[in-house]
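Trainee: Here it is, the structure in full.
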Amino acid sequence: MSKLGKFFNGAGSSKTRAAPSPQEALARLRETEEMLGKKQEYLESRIQRELSLARKHGTQNKRAALQALKRKKRFEKQLAQIDGTLSTIEFQREALENSHTNTEVLRNMGLAAKAMKAVHENMDLNKIDDLMQEITEQQDIAQEISEAFSQRVGFADGFDEDELMAELEELEQEELNKKMTNIRLPSVPSSSLPAQPERMPERMPSRMPGRMPGMSSTAHRSRAASSRRAEEDDDDIKKLSAWAT
């Protein structure tokens, strides 16, 4: 067995050393990555330095140039080893983070399962069915109450329509009588009709055609105007009687 194997076996068989927690292991891996990252920067700077020396000596001092190239090769080999180590550490860190996450998820799911079990221990399916049935009944009652409030109440039932129509006709007749009393009838002419002139003997010729003998032109015009007013009064009375009926 190699010395490295004996070292790890010895460290693992120690009973006094407890296994680190995932958080501690992740912290150690990050510290190692940071250390190896600084070592990479140092090696890269040394490679550039040796390459500059090899170019500087060139053909003037071949021995010094070759020594610089050899050192550059060693630094490049160490840099490659560090790259491989960082890749391994990165993989191990990601695996440990996933394991820690899975552990936390499993632990929390276990706690949730225990909490659900404790809650369900106080529940009875029969009681739940009774409760849901009671809720449904109360909802139905509330719906019926809402529908009862929304219905219209018939306050106008029980009245005789014939009596209502008779009362309406009386009101219309009263309104018509009021309108009749407010109508102003035409006034009767105050002037007296002209007296009928005496007939003259037929043998006496009239002085003017279309005019009765012995009648003056003023009396003839007055009689014609009275006749027209009488006819207009008769027409107004007929219209008023027709409107009233």
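The values are calculated or read from the model by the stated rules, or taken from the named source; none is laboratory data. From a predicted model like this one, the values you see are computed outputs, not experimental measurements. Counting neighbours? That spans all protein chains shown, and the Cβs are built from the backbone with ideal geometry, glycine included. Please note that ligands, DNA and RNA were not included when accessible areas were found on the heavy atoms of the full protein model with its side chains. Shrake-Rupley method; radii C 1.70, N 1.55, O 1.52, S 1.80 Å.
Trainee: Subtracting the Cα-Cα distance from 0.36 nm times the residue separation, let me have the gained length for GLU94 to GLU163 in nm, one decimal.
Mentor: 14.9 nm
Trainee: For segment 165-176, just list the computed ³J(HN,Hα) in residue order, Karplus coefficients 6.51, -1.76 and 1.60, θ = phi - 60°, integers in Hz, with x standing in for Gly and Pro.
Mentor: Whole-Hz 3J(HN,Hα) from phi for segment 165-176: 5, 5, 5, 5, 5, 4, 5, 5, 5, 4, 5, 5.
Trainee: Any chance you could run the full-extension gain for GLU144 through LEU66? It's 0.36 nm times the residue separation minus the Cα-Cα distance, nm to one decimal.
Mentor: Contour length minus Cα-Cα distance gives 17.7 nm.
Trainee: Using a 1.4 Å probe, what is the accessible area per residue for segment 36-173, in Å²?
Mentor: 87
Trainee: Can I ask one more? Rounded if a/c is under 1.5, else prolate if a/b beats b/c, else oblate: with a ≥ b ≥ c from the C-alpha gyration tensor eigenvalues square-rooted, which is segment 17-174?
Mentor: It is oblate, given that a/c is not under 1.5 and a/b is not larger than b/c.
Trainee: To continue, here is another question. If you roll a 1.4 Å probe over segment 46-121 with all protein chains in place, what percent of the accessible area is carbon or sulfur?
Mentor: 55
Trainee: Moving to a separate point now. Could you tell me how far the Cα centroid of segment 24-102 sits from the Cα centroid of segment 116-132, in Å?
Mentor: A separation of 65 Å, based on Cα centres.
Trainee: Taking the Cα-to-Cβ direction at ALA115 and at LEU171 and moving 7 Å from each Cα, how far apart do the two end points lie in nm?
Mentor: If labels sit at ALA115 and LEU171, their model points lie 7.4 nm apart.
Trainee: Can you tell which of PHE75, LEU111, ILE135 lies farthest toward the positive end of the dipole of segment 47-139, using +1 and -1 charges on the Cβ of basic and acidic side chains (Lys, Arg; Asp, Glu)?
Mentor: PHE75
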